[in-house]
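**Q** Got a structure for you, questions after.
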Amino acid sequence: MNLSFFDQFSSPSLLGIPLILIAMTFPALLLSTQSNRWITDRLSTLQSWSIGLITKQLMMPLNNKGHKWALILTSLMLFLLLINLLGLLPYTFTPTTQLSMNLALAIPLWLATLLTGLRNQPSISLAHLLPEGTPTPLIPALVLIETTSLLIRPLALGVRLTANLTAGHLLIQLISTATASLVSTMPMISLLTLLVLFLLTILEVAVAMIQAYVFVLLLSLYLQENI
């Protein structure tokens, strides 16, 4: 059966049961549980250091009120980071290439930040829809534009993450297919494409980490506007 390049993005299933839930919960099994010992192993020490560093970077733009969101944002960062990196392994499925899943993460969290602002400081939150010093004839148009830009934020979050990961996976598959096809006919060209594939894989590892960080960082910035 001939498979297209986009078949790798279809959700796998077993006996008609989608396995995307297993793919989403598997990264949690890779994290070691915290113990009460004074001296821990290297993995637990590295994990604690990484979580502390991620939390510090995410909480830096926020004031003390925003630190209540530290657990949610750090957990989301680790979740996206592990899923993106595991998706680069051969014969694996990347749930974050599904726009529906990314929107399911982006919309509730964005809405939570928006409702937080409307509850705590409604006048300041609504004032973002109209820049100060706007000429009177431009007020209706600017309110419409700012409202549209506000409502499009979760869509931009989901599409950005989906597009970057999907493009990277497609490029890796295209170059790997070309490398395998050129081995028998043009070995020197295949070595060149293999080098490009290696460099692209390193780039995709960086993209997987950066996109997870950007997704959560933008959410923290949206939160900062509303607290």
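The values are calculated or read from the model by the stated rules, or taken from the named source; none is laboratory data. None of the values given here were measured: they were computed from a predicted structure. Cβ placement follows ideal geometry from the backbone for every residue including glycine, while neighbour counts extend to all protein chains displayed. Side chains are part of the model used for accessible areas, which takes the heavy atoms of the whole protein and leaves out ligands, DNA and RNA. Shrake-Rupley method; radii C 1.70, N 1.55, O 1.52, S 1.80 Å.
**Q** Suppose we filter region 120-157 for residues that are at pLDDT below 80 and under 25 Å from residue 104 (Cβ atoms); how many remain?
**A** Of the residues in that region, 1 qualify.
**Q** Right, another one. For residues that are under 23 Å from residue 213 (Cβ atoms) and of a type in the set (D, E, K, R), tally how many sit in region 118-166.
**A** Result for region 118-166: 2.
**Q** So, in region 132-158, how many residues would count as being open to solvent by 60 Å² or more (accessible area, probe 1.4 Å) and either without any contact (Cβ under 8 Å) to a residue 12 or more places away in the chain or touching a Gly at 6+ places or on another chain (Cβ under 6 Å) (or both)?
**A** Of the residues in region 132-158, 12 are open to solvent by 60 Å² or more (accessible area, probe 1.4 Å) and either without any contact (Cβ under 8 Å) to a residue 12 or more places away in the chain or touching a Gly at 6+ places or on another chain (Cβ under 6 Å) (or both).
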